[in-house]
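S.K.: First, the structure itself, so that you have it in front of you.
The values are calculated or read from the model by the stated rules, or taken from the named source; none is laboratory data. Model, not experiment: these values are computed from the prediction. Here the Cβ positions follow ideal geometry from the backbone for every residue, glycine too, while neighbour counts run over all protein chains shown. Accessible surface is based on the protein model in full, side chains and every heavy atom, while ligands, DNA and RNA are left aside. Shrake-Rupley method; radii C 1.70, N 1.55, O 1.52, S 1.80 Å.
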Amino acid sequence: MIDFEGWSCPAPLRDTPHVVAGHGGGGAMSADLVRHLLIPGYGDAGGTADRDCAVVEAGGARLAFTTDAYVVQPMFFPGGSIGDLAVNGTVNDLAMAGATPLYLSAAFILEEGTPLADLGRITAAMGAAATAAGVRLVTGDTKVVGHGNGDGVYLTTSGVGVVADGVEIEPRRAAVGDVVLISGDLGRHGVAVLSCREGLEFGTTVASDTAPLHGLVAAMLATGADLHVLRDPTRGGLAAALNEIAATAQVGVELTERDLPVPDGVADACHLLGLDPLQVANEGRLVAFVRPDQADDVLAAMRAHPYGTGARRIGTCVAGHPGMVVARTALGGTRVISMPIGEQLPRIC
């Protein structure tokens with residue numbers, strides 16, 4: 001039995017006896033739910049919660065293993081669909097461990113009444129994305145729920161890949177002095193989904209950045225650099241990703257605000273809706289922590305790859321304020337980049 005009265009997690013998790021949308025937002029509420037309810041419930045069978053992919057040994061090989069669920073609404077949005085999103089997202093979770101992705105599974109939960117034409121579009125998008133990423137969809141499952149008990153199509157994908165010897169990419173390896181790199185501009189996916197869902201226009205069409213990133217990671221590793229940390233800033237955006245890394249490694253992260261690449265369409269949408277672009281989801285970007293003497297080589301390799309042409313330095317790891325992320329403003333002051341609490345944009349992945 002779980003001792004609910006003995007939970008040590010902060011509000012708002014302890015303030016509600018029920019699941020709320022924020023528990024799926026990738027922020028502090030999600031972390032508390034996993035660390036203080038799910039993992040303790042697993043007991044001795046449980047693992048850790050410091051990254052989205054586990055690296056295990058089996059038969060003498062180092063295998064990366066991950067699973068992810070997709071409930072994005074709407075199922076089709078500028079730049080992609082739930083189908084290619086599910087493939088790319090799972091490939092990217094493997095890539096953030098430095099793995100070469102190999103095989104995926106796909107489980108469908110279908111709502112009764114969903115047009116078969118829509119399901120066909122989704123599976124075709126999955127096949128195209130898997131082919132482009134060089135992976136195979138080898139197993140899966142299908143279930144149907146009654147009309148009104150779902151929302152079209154929900155997808156769960158799992159993936160397996162191989163990690164080369166000598167590759168150790170983990171959040172705990174972030175170190176003081178590390179340079180923080182980002183592979184491209186921020187916030188496109190969340191704004192693309194929101195604009196389509198709500199019928200909003202921001203002067204230009206913002207398309208999702210969904211893309212497989214294992215080729216980019218391979219190019220970074222090919223420089224011979226010792227990559228300390230990789231993370232794809234999905235739910236909770238860059239803010240959540242950096243705060244999780246800082247807390248795990250107990251280092252401070254200092255960003256330079258003017259170097260944060262937010263495209264005009266995303267900035268306009270966030271200003272209009274009162275959103276923080278650093279908390280908006282991305283599905284084709286990665287953040288890397290690299291030794292300072294290797295940062296230039298890694299940055300050059302990123303910029304030479306199609307999915308890293310917009311790569312740039314955005315900050316450094318510092319000894320001060322361990323576990324905290326701050327941004328240095330144009331006026332020379334600093335502001336805290338806090339961990340999102342709940343859900344800014346529900347159902348975006």
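S.K.: Can you name the number of the only condition in (1) closer than 28 Å to V55 by Cβ; (2) in contact with a strand residue (DSSP E or B) (Cβ under 6 Å, 6 or more places away or on another chain) that N88 fails?
M.R.: (2)
S.K.: Condition test on V206, is it at pLDDT 95 or above, touching a helix residue (DSSP H, G or I) at 6+ places or on another chain (Cβ under 8 Å), over 20 Å from D52 (Cβ atoms) and not acidic (D, E)?
M.R.: no
S.K.: Related question: Is one or more of the residues making up segment 124-146 closer than 30 Å to V251 by Cα, modelled with pLDDT of 95 or more and not in a loop (DSSP other than H, G, I, E, B)?
M.R.: no
S.K.: Being among the hydrophobic types (A, V, I, L, M, F, W, C), assigned to a loop (DSSP other than H, G, I, E, B), surrounded by fewer than 24 Cβ atoms within 10 Å (Cβ to Cβ) and in contact (Cβ under 8 Å) with a residue 24 or more places away in the chain: is that true of L275 here?
M.R.: Yes.
S.K.: Tell me the residue from T156, T131 that is open to solvent by 30 Å² or more (accessible area, probe 1.4 Å), in contact (Cβ under 8 Å) with a residue 12 or more places away in the chain and over 22 Å from A288 (Cβ atoms), please.
M.R.: T156
S.K.: Based on what the data block shows, is V176 outside any helix (DSSP H, G or I), hydrophobic (A, V, I, L, M, F, W, C), closer than 23 Å to A211 by Cβ and at pLDDT 95 or above?
M.R.: no
To keep it simple, each residue is scored yes or no on (1) touching a strand residue (DSSP E or B) at 6+ places or on another chain (Cβ under 8 Å); (2) surrounded by 15 or more Cβ atoms within 10 Å (Cβ to Cβ); (3) among the polar types (S, T, N, Q).
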{"position": "V253", "(1), (2), (3)": "yes, yes, no"}
{"position": "N282", "(1), (2), (3)": "no, yes, yes"}
{"position": "D293", "(1), (2), (3)": "no, no, no"}
{"position": "A319", "(1), (2), (3)": "yes, no, no"}
{"position": "R335", "(1), (2), (3)": "yes, no, no"}
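S.K.: Something else now. Restricting segment 34-58 to residues that are farther than 19 Å from D93 by Cβ and surrounded by 15 or more Cβ atoms within 10 Å (Cβ to Cβ), which is modelled with the highest pLDDT?
M.R.: L37
S.K.: Give me a count of the residues in segment 196-231 that are open to solvent by 20 Å² or more (accessible area, probe 1.4 Å), in a helix (DSSP H, G or I) and touching a residue at least 40 places away in the same chain (Cβ under 8 Å).
M.R.: Number of matching residues: 7.
S.K.: Taking the condition under 19 Å from A54 (Cβ atoms), assigned to a loop (DSSP other than H, G, I, E, B) and open to solvent by less than 40 Å² (accessible area, probe 1.4 Å), does V167 pass?
M.R.: Considered against the rule, which asks whether it is under 19 Å from A54 (Cβ atoms), assigned to a loop (DSSP other than H, G, I, E, B) and open to solvent by less than 40 Å² (accessible area, probe 1.4 Å), V167 comes out as yes.
S.K.: Answer with yes or no whether G184 is part of a loop (DSSP other than H, G, I, E, B) and open to solvent by less than 10 Å² (accessible area, probe 1.4 Å).
M.R.: Yes; evaluated as a whole, the condition is true for this residue.
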